[in-house]
Structure formats: C-alpha cells, structure tokens
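Taking it in order: structure first as structure tokens, then the write-up.
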Amino acid sequence: MSTNLIPVIGIEVHAELKTNTKMFSRAKNDPDESRPNVNIDPVSMAHPGTLPVINKKAVEHMVRIGLAVNGTVANFTEFDRKNYFYPDIPKGYQISQYKHPIVKGGSLAGVLLTRVHLEEDTGTSKHEDGGSLIDFNRAGVPLMELVTEPVIHSPQQAAQFGRELQLLLQYLDASDAQMEKGELRIEINLSLMETDMSLDEVKALYHSDRDRYMSLLGTKTEVKNINSFKAAEKAAHYEIERMSALIRAGRGDEIVQETRGWDDARGITISQRSKENAADYRYFPDPDLPKLYLHELFDLESMKQALPELPASKRDRYRAAYGISEEAIEIFVNHHELAHVFEQVAEALSSADMYHTASNYVTSDLMGILKEDKGARIPDIASFVELMKMIEAKELNSRGAKDILRILAIQGGSPQDLAQSLGLIQNNDPEALRGLVTQIITDNPSVVQKFKDGDHNVLKFFVGQVMKETKGSANPELTESLFKELLNA
C-alpha cells in the first residue's frame, strides 16, 4: 500500500475579552485608543510594590464561553507565572494558566477542544527608523486562549473553525474579535502523518486509541503572524506543500519543531525560532493571586440557561422555521440587523414561498443597496412588511418592488403611497390588459409566425412590450397567459 501524507492541524486562538479595565489592574481596556502608552497604570507596568487584582468580568466571560462550547468548567482554578523575557512584557513574566485552566474539553463546529484558559495580553512593538518602540496600552488586557485537539485535517476546516469561534465570541458579547485590530489572533500547529491508513481510518483511530494517534503525528511547526482567516488557510496550504515536498524528496529530517511566521505579501512561511515547550517557561502558581472556586462564585446552571441563542442553534431554527437557502441562513447568522428585519417580516407572512421571497429581498436587494449607497439605511420594519404584503397580494411586480425598496432605504416613505405616485400598482385586470395584448399581436405578425412555428421564447418579447407600454405595471404572469390564450386561439 502507498503511504499517505495526512495533514493534522491544531489551532491556538487568542481573543481579547470585552471588559472596562485590564485583567489585573484598573487601567482602561480600550482597543480603539490610538495614542501610545495612555492606558497604563503602576500595576500594568509592574512597578515595585504593586499587586494584581483579578477582573471578575473576564472570569465570567470565560465561564460563559466554556458553557457555550459544552466544556467542563473547573471548580478549582489558579493563575500561573509563565516566565520569559520580551521587551513588551513589563514584568518579565506573563500571568497565565497552566495545570488548572478554567475550561477543559468541549467542541465547536465539529472540532474537539483541549482547553480554554485566561491570561493577560502583552504590549505591542513598533519597529521604525532602525529602532523599536513599545506601546503598553495592550499590556494586561484580558486574553482568552483556546486550544483545539489536533483533529483538523484541511486548511478549509481550520479557517471555518476560526470563523465559527469569532461568531460565537461576538454572540456571547465576550469579544468583538476583530482580526484587523488584533483582537483575535490565530496560530496554526501543523504536521503530516505518514500512514497507510485512509483519512477516515485516521479519524476513527483518534477516537478509539488517542495515544496511538498522537504517536503517529509528524514533527509539527507553529505558524504565527496570521491576520485573516483567508491567510490562515493559505498558511496551512503552504506548510502542507512545504513539508510534503521535503518528505517526498527524502529530506523529512529537515522538518524541525519550530515557530514560523506567515509572510502574507510573499505567500510563504519563514522560520523564526525553535519552538519552546512548557519546561522552558518554568511555570509556577502566582503567589500574589488567590485560588478560585468557580462553582461557588457562579451559578453555572443559571448562566447556562441565560446564554443567548448561539450560531449553530440559530441555523437549525432557520432551517426548521423558514426553509430558506443555506446561503441566506449564513448571511442572517452573520448579520444581526438583517436577521432581525427578516424575522419581523416573516412573522407577518403566511407562506413558505413568501419566506423565500422576503429572504431574497433582504439578502440580495437590500444588502446590495446598503453596499452601493452609503446614505442608505435599513427601512422601517412596518414599511418592509407592507412592501412584502403588496408583493404577496400581487399589487407589485418584482421590478416595482425593487424600485420602492431602494426609495425606502434611502429616504423612507409608505410603499403604498410610493407605488401609487409612481404608477407601479400592478394591473391584475385581464380585460384591461386584453386590448393591449391584442394590439401588440396585431402589430407584430412576424413574431407571431415564429411562435406558431414553435419558438415559444418569443413570449418574452411580447411580455416585454406590454411591460414597456404599461411602465412595468402589468402583471407579467397574467400577461403571458393572455398571450398564450390569444396566440393559440
């Protein structure tokens, strides 16, 4: 049997949590602050004699995250000192968690989690004019670190997991998780498993014999400096190709455990340093911070019940209640305001067909208007409902409804009044249309002959002529049926 090279990916995610102050001090937590070294105080700068105090809100965020991923929220937890010296760490160590994280296990988007723990962020380094400057505004900001099991086997799945975690954090209001601001940072741990097993057999092995699965993993690299989910996917692809080429060329020993940086401009990873392990950090419990007993501090059952509807549940509800397309569901899961509009409108509608119609008007037409015109806004719900009701009653055709929706988004108004003033009320009277249809047939004998010769596509031409004459107010379905009736007579 031929040897397969199966990618095995684990992900580490750091997310800054939404709190008023930093993790262990009263300094402000403000990700939008542009002035350097403004949000600092003696504690966050590690001045002698200062003592840290735990931010309870950050711990609460962590408990809610643990409950949302169905992880095990620890009763006992503590903070540790992770010792390493970088210029952007004022204390010379980072307060983190090692043996007793707040959350163990759980899963998200089909990916099993190892742990979720709480620590403090570092400052930021800025390199310019041949030197380096440090901004400590971010130093001490509460930071969630989530680690997955090595059970991801494709770059696409890795990126999708990141997107789902971002959504979850936003739904929980635990983090804005904006990658462009550095509020969410992803690191990829990747290795190749050389095996005669298929991918399905490898997945089964993890569940039946995790120790053997782990023993078969190849040498892993950690990729940092990833600033988007697309970049995460590209970085994983690159590492898979790089490692595969080395192994197939008989140079697998050149793959070493190391940290590599992703160069987005060049589309490559670059070796940065050898990868540290836990012993290098000399973890020990922080003597300045108390131990926490979370089951005494928080009512976990009440917190579980109070969680908002989460993305996976929302998808299931939309499938069951509305039966709309998966593409539309993803838009609604990602855009709360549009989802609110759709749900309010759907409550006033009475058929599955109209759910689809309303969904299309929101996800296609309204989204397009909002993107094209910076002055456009989501229309008043009552106006949107009235517009959909007019479509349902066949008072408006598609073209007229789209024109009115644009006006509603830009300047507002009443759909009924707009339709009347613009002459867009659909003509549903067959007798009123019959004369016009007869005249157009009389005026176009050559087109009539094409129809009689079997070219029924010319119906589009005929309907188009009526729409032109009526400025779009004729009911197109009724118009087409009249043409068929008269042409076949």
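For this structure, a couple of remarks:
- In plain terms, the chain from residue 266 to residue 407 could stretch by 46.2 nm, reckoned as 0.36 nm per residue minus the Cα-Cα distance.
- Using alpha-carbon coordinates, inclination of helix 430-443 to the longest axis of the chain, degrees: 80 degrees
- Taking θ as phi - 60° and the Karplus parameters 6.51, -1.76 and 1.60, the scalar couplings of the range 69-84 work out to 9, 6, x, 9, 7, 5, 7, 8, 8, 8, 9, 10, 9, 9, 8, 7 Hz in sequence order, x denoting glycine and proline.
- Cα centre as origin, Lys/Arg/Asp/Glu Cβ charges: the range 312-378 dipole, Debye: 160 debye
- Between helix 155-171 and the chain there is an angle of about 90 degrees, using the helix long axis and the longest principal axis of the Cα atoms.
- Working from label points 7 Å from Cα in the Cα-to-Cβ sense, the residue 399 to residue 459 distance is 1.8 nm.
- By the equivalent-ellipsoid construction on the alpha carbon gyration tensor, the range 1-121 comes out with semi-axes of 31, 18, 15 Å, ordered largest to smallest.
- The slack between residue 280 and residue 253, meaning 0.36 nm per residue of separation minus the straight C-alpha distance, is 7.4 nm.
- Positive dipole terminus of the chain, leading residue within 37, 426, 228 (C-beta point charges): 37
- Rounded to the nearest 20 debye, the dipole size of the chain about its Cα centre is 440 debye, using +1 on the Cβ of Lys and Arg and -1 on the Cβ of Asp and Glu.
- Between 295, 342, 305, the Cα set farthest toward the positive side of the dipole of the chain (charges on each charged residue's Cβ, about the Cα centre) is that of 295.
- Overall form of the chain per C-alpha gyration tensor (a/c, 1.5; a/b vs b/c): prolate
- With respect to the chain, whose longest principal axis is taken over its alpha-carbon atoms, helix 458-469 is tilted by about 80°.
- Selection from 169, 271, 441, by position along the positive dipole direction of the chain (Cβ): 271
- In the range 229-312, the GluC sites (Glu not before Pro) that fall in loop regions by DSSP, at most 10 other Cβ within 10 Å: 309
- Only helical runs count toward this figure. For the chain, summing -39,500 (n - 2.57) over DSSP H runs of n ≥ 4 and dividing by all residues gives -12500 deg cm²/dmol at 222 nm.
Values quoted throughout were computed directly from the atomic coordinates according to the rules given, and no laboratory measurement underlies them. Note that the structure is a prediction, hence the values are computed from the model and not measured. Using ideal geometry, Cβ is built from the backbone for each residue, glycine included, and neighbour counts are taken over all protein chains shown.
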